[in-house]
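S.K.: First the structure, then my questions, so here it is.
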Amino acid sequence: MTLTPLRTAFLLAWTATLLVASNARAAIIPVLDLRQIHAKAVYEGAPDERTAFPFADFGAWDWYENAEVYGDEAGSASAFAYQNSQLYRDIAGTPTGFFHSGSTSGQFQVGVGSYDALSLSTMVFRLDTTSDYFIDATLDPGDPLSEGEILLGNPHGAGHNLEVNSGHVMLNGRLGPGDYFIEGRSQITTHGPSLTGPTYAIFMTIQPTNSPFIQLQPSNIAVPTGGNTNFTVTTSSPSPSTAQEGTAAFTLQWRRNGVPLANGAKYGGVTTSTLSISNAATADTGWYNVVVTSGPVSEPSGYARLAVGIVGVEPASPLASIDFRLDPASPNPSSTTTTFRFTTKQPVAAEAAVYDASGRRVRALSSGLLAGSGSFRWDGRAASGDTAPAGVYFLRVHVEGQMLVRRFVRMRS
């Protein structure tokens, strides 16, 4: 799908009409705005590099950057990145949805040239109640060797609720309370004289669920190594509250980091309202939730963290109480070393590691006691020593039972 100015204007007007008409109650709490576009062109050793960010967090943004370098004769190199994105509000000013679109392209003619371009539209948001969502998403994959995707997921790397790599998708479902991100990405690096990257377009709305299945969400837990513990949810009684739900009984499935669990020596009650965990080990640390299903409707709970080996720390306490600050990645995007500065007013136990977009751990950066100010640095290499591929990555820092996440992009060096 090509996003001409006329089509973009139509989509904006259409989404705004739907959002106003929905008159949804408060649903979206903005958390972090990570939108950016980047274009870099190099010709015969001469570079032109441009990066742009929105003028205001979560504000409407319609912008492009074009990097160009010309030679003495007919030679040149150029890179182009575009983005149109916005957090929408209803007539009462309540955030109720998102619109994201973007594209990239690059080329060089005659001589030696290169190009890189990125359009990354990511907004992190919080839901304080079980919510219904609707998504209309389209991704034109662009030329071979370019990269792009549309994602809806949580910043814990516990799988994605939606992943689109090509084509058109219309989807509705439910999300439990917690933090999520919605993202569109188009990215190219030099592969031949010219390349057109993917074009993405996402429309999403959210509103609270009228009759949620889960009445009491699971809570964070800290347990010493070798200890026993459990996660519990409380569900309502199945009822024909809607024609879609019918009268089907509930089924439940507990998951760890998005992966369904099975009963065994370690776990019990994986299909009940209480998940038991025995002889907890460090490897059991992670994010747990349960999916409750009635007929065709599936409702995931919020994620609760199990912290193993941390004694005397309440993982549900707010990060503000320990006064730990983690800055965004710098530079971002980067083709060399990425740095994350931190400051803390008191010593804290922390663990930092880099993960890829699918939630796989790439490399540990630090583990132990932190004090004062310092930084985490990643040179772009995996634990094996191999260079990690270009793409989107997470830095996850576990601090006293809580987790901070910084999302960043690695370009091809």
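Only the coordinates and a few stated rules stand behind these numbers; no lab work does. The model shown is predicted, which means the values in this text are computed figures rather than measured ones. With ideal geometry, Cβ positions are generated from the backbone for all residues, glycine too; neighbour counts draw on all protein chains shown.
S.K.: So what is the relative contact order of region 214-308, in percent, for Cα pairs below 8 Å that sit 6 or more residues apart?
M.R.: Relative contact order of region 214-308: 36 percent.
S.K.: Kindly rank 208-216, 35-43, 97-105, 74-82 from highest to lowest mean number of other beta carbons found within 10 Å of each residue.
M.R.: Most protected by this proxy first, the peptides run 97-105, 35-43, 74-82, 208-216.
S.K.: I'd like the antiparallel share, as a percent to the nearest 5, of DSSP beta bridges with both residues in region 214-308.
M.R.: 90 percent
S.K.: In region 319-410, if every C-alpha pair distance is counted and binned at 5 Å from zero, what percent goes to each bin?
M.R.: Pair shares across the bins are 3, 14, 28, 25, 16, 10, 4, 0.
S.K.: In whole Hz and in residue order, list the ³J(HN,Hα) couplings for region 116-127 that follow from phi through the Karplus curve 6.51 cos²θ - 1.76 cosθ + 1.60, θ = phi - 60°; x for Gly and Pro.
M.R.: 9, 8, 9, 10, 10, 10, 10, 10, 9, 9, 10, 10
S.K.: Here is a further query. Can you sort LEU404, LEU87, LEU369 so the residue with the fewest Cβ neighbours within 10 Å comes first?
M.R.: With the fewest neighbours first, LEU404, LEU87, LEU369 line up as LEU369, LEU404, LEU87.
S.K.: Same structure again: Give the calculated FRET efficiency between THR251 and THR225 to the nearest 0.05, with a Förster radius of 35 Å applied to their Cβ-Cβ distance.
M.R.: According to the calculation, E is roughly 0.60.
S.K.: Here's something else I'd like to know. What FRET efficiency, computed as 1/(1 + (r/R0)^6) with R0 = 60 Å and r the Cβ-Cβ distance, is obtained for ALA265 and ALA60, rounded to the nearest 0.05?
M.R.: Efficiency computed from Cβ-Cβ geometry: 0.65.
S.K.: For a footprinting-style exposure proxy, rank SER294, SER301, SER119, SER114 by other Cβ within 10 Å, fewest first.
M.R.: Arranged by neighbour count, lowest to highest, SER294, SER301, SER119, SER114 become SER114, SER294, SER301, SER119.
S.K.: Under a plain spin-label model, where a point goes 7 Å from the Cα along Cα-to-Cβ, how far apart in nm are ARG126 and ASN165?
M.R.: That separation, rounded to one decimal, is 3.4 nm.
S.K.: Further question on the same structure: Starting from the Cα-Cα distance between SER298 and ALA371, subtract it from 0.36 nm times their residue separation and give me the gain in nm to one decimal.
M.R.: This chain segment gains 21.9 nm when fully extended.
S.K.: Then there's this: Which number do you get for Rg(Cα) / (2.2 N^0.38 Å) in region 214-308?
M.R.: It is 1.13.
S.K.: Same structure again: So for region 5-208, Kirkwood radius off the Cα pairs, Stokes-Einstein at 20 °C and 1.002 mPa s: how many µm² s⁻¹?
M.R.: Using the Kirkwood radius from Cα pairs, D works out to 122 µm²/s.
S.K.: If you build the convex hull over the alpha carbons only and average its shadow over all orientations, what do you get for region 106-182? Give it in nm² to one decimal.
M.R.: That works out to 6.4 nm², a quarter of the Cα hull's surface.
S.K.: Between SER384 and ASP72, how many nm apart are label points set 7 Å from Cα along the C-beta direction?
M.R.: If labels sit at SER384 and ASP72, their model points lie 4.6 nm apart.
S.K.: Compute the signed sum of charges (Lys and Arg +1, Asp and Glu -1) over the other residues within less than 10 Å, Cβ to Cβ, of ARG50.
M.R.: That works out to -3.
S.K.: Sorted from fewest to most neighbouring beta carbons within 10 Å, what does the list ASP48, ASP57 look like?
M.R.: Taking fewest neighbouring Cβ atoms as first place, the list is ASP57, ASP48.
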